[in-house]
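What follows is one structure encoded as structure tokens, with my remarks underneath.
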Amino acid sequence: MTQVLEYQWEWQAIPGYFLFIDSETGRVTANILLKGFGTTVKLSIWSMALGFVLGTFSGIMGAKGGSFGRMVSRFYVETVRNIPSLVLVILFYYFVSSQFLEALGWINGSGACRTCGTGGCVFSGRGRADQCVCLGGLRFGHL
């Protein structure tokens, strides 16, 4: 029990995940962590806007609407607001997102990337689904 864990942290590798120099253009370009941060901010803003619009519309229908409007408002409140957030995240992450990606043709029916056949694929953002950075990319030579 006197053994000490001697792990060497390689903090110098972290900046490379934020920015990198593109070999084609020679310019500094955002890498996967910076792009992921930007995507997170965009999704947060869009979800706040959508939630504000839906909540305001539901509140107006519940207060001023007829019986159908109150019923729709009550349904929204009782379902969306009373389901735990973690359950909603799991439903959207595992079910709804896979349906959208399959409809767009980015994954096949089994949930695997069409390019390399692995289970996990993060798209490079260059506009083509065949340019992906696979989670198993080192093993398959895609990185």
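Quick one: if the Förster radius is 35 Å, what FRET efficiency do Phe92 and Thr56 give, using the C-beta to C-beta distance and rounding to 0.05?
Numbers: r = 22 Å, r/R0 = 0.63.
Working from the Cβ atoms, E equals 0.95.
So what is the relative contact order of segment 1-82, in percent, for Cα pairs below 8 Å that sit 6 or more residues apart? List each step's numbers first, then the result.
Details: 39 pairs, mean separation 11.3, N = 82.
For segment 1-82, the relative contact order is 14 percent.
Got a sec? How would Val72, Val4 order by Cβ neighbour count within 10 Å, fewest to most? Please report the intermediate quantities before stating the final value.
Details: Val72 15, Val4 5.
Fewest-to-most Cβ neighbours within 10 Å comes out as Val4, Val72.
Enumerate by residue number the trypsin sites (Lys or Arg not before Pro) in segment 1-109 meeting two conditions: DSSP loop (anything except H, G, I, E, B), and at most 10 other Cβ atoms within 10 Å of the site's Cβ. Numbers along the way, then the final one.
On the way: sites: Arg27, Lys35, Lys42, Lys64, Arg70, Arg74, Arg81; in loops: Arg27, Arg81.
Here the trypsin sites (Lys or Arg not before Pro) that fit, given the DSSP loop and packing criteria, are Arg27, Arg81.
State, to one decimal in nm², a quarter of the convex hull surface area for the C-alpha atoms of segment 1-82, i.e. the direction-averaged projected area. Working shown, then result.
Details: hull surface 47.6 nm².
Mean shadow area of the hull around the Cα atoms is 11.9 nm².
Any read-out appearing in this document is the output of simple, stated calculations on the displayed coordinates, not a laboratory observation. For clarity, every value in this text was computed on a predicted model and none was experimentally measured. Methodologically, a virtual Cβ is constructed for each residue, glycine included, from the backbone with ideal geometry; neighbour enumeration extends over all protein chains shown.
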